[in-house]
Number of protein chains: 2
Amino acid sequence: MLALSAMPDTVSDSPRNVFALPLPPRRDEISEPITEQLVQAMPSVYSAREDLFLEGDESSHILEVVEGVICAYRLLPDGHRHVVSFYFPGDLIGYCSPSTQTFSAQALTKVRVRRIPRHLLNQLIETRPQFARRLLKLAADELTMTREHMLCLAAKSAEARMAVFLLALARRNRETGADPTRVDLAMTRVDIGDYLGLTIETVSRTFSKLKRAGIIALPRTTTVLIRDAAALHEMAQG
Amino acid sequence: MLALSAMPDTVSDSPRNVFALPLPPRRDEISEPITEQLVQAMPSVYSAREDLFLEGDESSHILEVVEGVICAYRLLPDGHRHVVSFYFPGDLIGYCSPSTQTFSAQALTKVRVRRIPRHLLNQLIETRPQFARRLLKLAADELTMTREHMLCLAAKSAEARMAVFLLALARRNRETGADPTRVDLAMTRVDIGDYLGLTIETVSRTFSKLKRAGIIALPRTTTVLIRDAAALHEMAQG
DNA sequence: GCCATCCCGTTACAAATCGTTACACACCGT
DNA sequence: ACGGTGTGTAACGATTTGTAACGGGATGGC
């Protein structure tokens with residue numbers, strides 16, 4: 001269990017890829033249990049498609065994803081849904097939204113989360129300056145990733161967005177020691193579409209196109225096998 | 001001159017509009033001179049279209065905009081340019097990118113900026129926990145605004161994006177005490193297009209359409225008079 | 001076990017939006 | 001006046017979306 005005193009004095013600055021992938025960075029450094037105080041005896045459990053919280057809810061706790069995938073989303077008055085981000089095990093949610101949730105959060109799979117009271121977080125900021133710098137680093141990383149995603153939405157074609165998305169999931173696998181050529185999609189086509197600013201049909205068509213081109217295989221609708229990562233990278237550029 | 005000791009213990013949480021506008025929030029609270037140390041005797045001056053720094057540059061200082069408008073942008077390998085954000089007087093730039101700039105910054109007008117050494121910022125974080133919380137709040141606000149812009153790019157039409165953009169500029173005017181019905185554009189059509197993920201022609205067409213509809217007037221290409229804010233708001237929704 | 005139903009994904013075709021191309025005009029400084 | 005830059009307008013075309021129909025797997029009742 002990582003004690004705060006074990007944290008290094010300087011914030012590590014990982015080399016930043018200009019075309020880094022848009023999903024939020026893993027949070028292992030900070031999300032490991034910090035003190036017994038912070039950790040619930042039993043993580044909360046949610047089942048698939050259950051909402052963890054809604055936009056506008058008071059956020060007295062931040063969440064650490066222990067198991068499963070969470071979808072952060074917002075509903076627009078015209079009925080559209082926009083998916084802000086996906087959160088995976090190790091990620092922290094809501095550590096920089098002071099009083100009120102700025103988006104809703106829904107479990108895509110069975111999910112286990114630890115709930116960390118915000119006042120403890122604030123207390124740590126007060127007493128441990130290095131902790132504050134850690135949080136700032138997390139916020140900076142999330143901002144960078146969000147900007148990356150924004151660039152994707154502003155400047156890239158449907159094909160390129162899908163390629164970036166798949167490569168991001170593959171990279172996460174690689175970083176967690178899983179097979180980077182096999183991506184299991186916890187999210188539906190609707191979720192992907194709402195995340196990438198595309199319709200479900202375009203998402204589906206693009207999957208089919210990639211399959212026909214031999215770049216991916218789709219043994220099941222929820223499983224993507226990356227056959228030609230180089231072609232995907234090429235596609236992710238334009 | 002604001003001393004740190006004058007800062008309140010609690011971070012103020014302004015009520016957050018679900019459909020807040022995408023430009024970054026004003027930073028007056030924190031950007032006012034904190035100590036004599038932090039403030040250059042003479043702010044640096046840049047002329048229009050001059051780069052303040054480039055993506056990848058080492059960021060030993062953060063910048064406070066004193067006068068003028070700054071455009072944060074990134075160049076893509078395919079030649080496209082993406083405008084990340086616009087920064088106005090009172091805004092801080094680069095306070096949460098530890099070592100390396102994640103975007104380039106260009107002056108759109110004559111610009112004056114104060115350069116605040118990063119090591120002083122870090123020192124303040126170590127010694128003043130409330131300062132750290134302030135910075136976290138700034139980062140959270142910028143993240144929220146970036147997400148707002150992202151939603152705009154993902155889910156809104158060209159018309160709606162333009163409406164949101166104009167309303168954001170108008171709101172900034174209102175907050176600074178200027179006339180909210182008169183917007184002076186420091187940026188060109190290209191800048192706007194690269195910010196909203198549209199081409200210059202679409203930007204131009206949409207301006208013309210709004211003018212024909214009597215929603216705005218364009219006495220000059222750089223001056224927008226908002227005639228029907230309600231219609232703009234309506235347009236910004238869908 | 002069997003069948004009906006529902007949800008999700010896929011595909012095809014028509015429609016719309018937006019990008020591309022091309023050209024003309026306005027403004028500005030030389 | 002001239003050229004350059006920035007902008008406005010129009011015709012055309014490509015990408016993406018909307019609509020609709022079909023298929024397939026999962027669920028649930030009988």
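The values are calculated or read from the model by the stated rules, or taken from the named source; none is laboratory data. Please read these numbers as outputs of a predicted model, since none were measured by experiment. Note: ideal-geometry Cβ built from the backbone for every residue, glycine included; neighbour counts use all protein chains shown.
Does residue B:9 satisfy the criteria of being among the acidic types (Asp, Glu) and modelled with pLDDT of 70 or more? No; evaluated as a whole, the condition is false for this residue.
Number of residues in the stretch A:182-204 that are out of contact with any Ser or Thr (no Cβ under 6 Å at 6 or more places or on another chain) and more than 14 Å from DNA strand D (Cβ to nearest atom): the value is 4.
Yes/no per residue for (1) modelled with pLDDT of 95 or more; (2) away from every other protein chain (no Cβ under 12 Å); (3) within 10 Å of DNA strand D (Cβ to nearest atom); (4) under 27 Å from residue B:81 (Cα atoms):
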position	(1), (2), (3), (4)
B:145	no, no, no, yes
B:151	no, no, no, yes
B:161	no, no, no, yes
B:206	no, yes, yes, yes
B:211	no, yes, yes, no
B:219	no, yes, no, no
B:223	no, yes, no, yes
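Is it the case that the stretch A:160-176 has a residue that's on the phi > 0 side of the Ramachandran plot and assigned by TED's automatic domain parsing to the domain that holds residue A:224? Scanning the stretch A:160-176 turns up no residue that is on the phi > 0 side of the Ramachandran plot and assigned by TED's automatic domain parsing to the domain that holds residue A:224.
Quick one: how many residues across the stretch B:46-62 are within 10 Å of residue B:105 (Cα to Cα) and assigned to a strand (DSSP E or B)? Total meeting the criteria: 3.
Of the residues examined, residue B:232 is one that is away from chain A (no Cβ under 14 Å), outside any loop (DSSP other than H, G, I, E, B) and touching a helix residue (DSSP H, G or I) at 6+ places or on another chain (Cβ under 6 Å). Here residue B:76 fulfils each of the conditions (1) among the aliphatic types (A, V, I, L, M); (2) modelled with pLDDT of 90 or more; (3) closer than 30 Å to residue A:233 by Cα apart from (2).
Going through (1) more than 10 Å from chain A (Cβ to nearest Cβ); (2) among the hydrophobic types (A, V, I, L, M, F, W, C); (3) closer than 25 Å to residue B:173 by Cβ; (4) in a helix (DSSP H, G or I) one by one, residue B:65 falls short only on (4). Return the residue satisfying two criteria in turn: it lies in the stretch B:207-238 and is of a type in the set (A, V, I, L, M) and out of contact with any strand residue (DSSP E or B) (no Cβ under 9 Å at 6 or more places or on another chain), and of such residues it is nearest to DNA strand C (Cβ to nearest atom). My answer is B:235. Can residue B:167 be described as away from DNA strand C (no atom under 13 Å from the Cβ), buried (at least 21 other Cβ atoms within 10 Å of the Cβ), of a type outside the set (Asp, Glu) and touching a residue at least 40 places away in the same chain (Cβ under 8 Å)? Yes; evaluated as a whole, the condition is true for this residue.
For every residue, the table says whether it meets (1) surrounded by 13 or more Cβ atoms within 10 Å (Cβ to Cβ); (2) under 30 Å from residue A:76 (Cβ atoms); (3) touching a residue at least 60 places away in the same chain (Cβ under 8 Å).
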position: A:189; (1), (2), (3): yes, yes, no
position: A:205; (1), (2), (3): yes, yes, no
position: A:211; (1), (2), (3): yes, no, no
position: A:216; (1), (2), (3): yes, no, no
position: A:224; (1), (2), (3): yes, yes, no
position: A:233; (1), (2), (3): yes, no, yes
position: A:238; (1), (2), (3): yes, yes, yes
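Scanning the stretch B:191-203 for residues that are of a type in the set (Gly, Ala, Ser) and either in contact (Cβ under 8 Å) with a residue 40 or more places away in the chain or more than 14 Å from chain A (Cβ to nearest Cβ) (or both) returns a single hit, B:197. The combined condition, being within 16 Å of DNA strand C (Cβ to nearest atom) and over 30 Å from residue A:138 (Cβ atoms), is not fulfilled by residue B:154.
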